[in-house]
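The values are calculated or read from the model by the stated rules, or taken from the named source; none is laboratory data. Everything numeric in this text was worked out from a predicted model, so none of it was measured. Heads up: the accessible areas ignore ligands, DNA and RNA and are worked out on the full protein's heavy atoms, side chains in. Shrake-Rupley method; radii C 1.70, N 1.55, O 1.52, S 1.80 Å.
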Amino acid sequence: MGFPLHRPRRTRQSDLWRRMVRETHLSLDSCIYPLFVVPGRGVRHRVESMPGISQLSVDEAVAEAREVAAAGVPAVLIFAAPAQKDAKASAALDPKGLAAQAISAIKDACPQLLVWADVCLCGSTDHGHCGHVLPNGRIDNDASVESLAQVGLNYARAGADAVAPSDMMDGRVLAMRQLLDREGFETTPIVSYAAKYASSFYGPFREAAESAPAFGDRRSYQMDPANAREALREVLQDVEEGADLVMVKPAGPYLDVIRQVRDAVHLPVVAYQVSGEYSLIKAAAERGWIDERAAALETLTGIKRAGADLIITYFAPQLAKWLAE
Ligand code: PBG
């Protein structure tokens, strides 16, 4: 029987009631904060399209990591934009490359912080694609997988607490798992960008990571935004290949996918609230068109409610402040 017996507003009538019947809780414990590392010293170069976010040299990235760790953020995700870019992605394959330097410096300075390392080739290739490109312009999947596994091993050796392949090549999780195990890193988890869509919401990130493709697009490896069943196939395959956590990316436009993945697997599900999702809120807030805090908290709550256990978000340091208020 419905109204007048049932009045759902009864448990909405005060802050105290709302607090008690709340189903979803945001916590810093589930947040990961991305850092963009560039060459040099003392560099803090603002990313125009991402207010509040800067490209940081290793020393500045260490300072930033210290700050967010002190605020209670448990993990960072490292992206590097090395100066040297070539067809082979030599900078990523260099065991002493920029990302490896950043990982070990942050790990030394902040042992209490988990350092996740994004594993991809796009920041180090001159063509900006996530894998090796054949003379005919196609992506060489299996050669890319070999390089990516090697890059993952480099980052594990540098001290990364987790490696996160974001390239979307087929078979890279298994290859990385096998190489890590063979080299004594059987305890390093793999966070797989399992269902990563070819999204327009990565636009601002490509400025931050200097990783826009020089020709073509990423649609032959990243997923078609129209597909959800395929996302489940990708996720289940990565689980079989040995992923420890699986990711859906972007988050906001793919809440249905997050929910389906949450229901299909028993691993932790990570959602990536990407650069474009962040910048939209920032830009509207700067114009006074939206309440930044309320909008950010609402999107993060929605992502959690959809089923994400962990959220990678550029709002992490602000969330620390908002939750402490
Ligand atoms: C690179 C990578 C991208 C992002 C994370 N890793 C960009 C891309 O695939 O073009 C996007 C993150 C964001 O937009 O915040 N493989």
Residue-averaged 222 nm ellipticity for the chain, from DSSP H runs of 4+ at -39500 (n - 2.57), nearest 500 | -12000 deg cm²/dmol
If you line up the long axis of helix 172-182 against the longest principal axis of the chain, both from Cα atoms, how many degrees apart are they, to the nearest 10?
-> 70
Taking only protein heavy atoms and a 1.4 Å probe, what accessible area per residue, in Å², does the chain have with all protein chains in place?
-> 47
Taking Cα atoms only, helix 292-306 is inclined relative to the longest principal axis of the chain by an angle, in degrees rounded to 10, of 80
Heads up, I need the accessible area for residue 170: 1.4 angstrom probe, whole protein in place, Å², nearest 10.
-> 90
Ignoring any ligand, DNA or RNA, what whole percent of the accessible area of the chain comes from carbon and sulfur when the probe is 1.4 angstrom?
-> 51
Counting pairs of alpha carbon atoms under 8 Å apart in space and at least six apart in sequence, what relative contact order in percent does the range 181-276 give?
-> 39
State the antiparallel share, in %, of DSSP beta bridges confined to the chain, rounding to the nearest 5.
-> 10
State whether the range 25-324 is rounded, prolate or oblate according to the following rule on the C-alpha gyration tensor (a ≥ b ≥ c being the square roots of its eigenvalues): a/c under 1.5 gives rounded; otherwise a/b larger than b/c gives prolate, and the remaining case gives oblate.
-> rounded
With springs only between Cα atoms under 10 Å, which of 101, 178, 13 fluctuates most in a Gaussian network model of the chain?
-> 13
So, in Å, what gap is there between the alpha-carbon centers of the range 283-318 and the range 62-114?
-> 25
Helix 98-109 vs. the chain, principal-axis angle (Cα, 0 to 90°, nearest 10) = 60
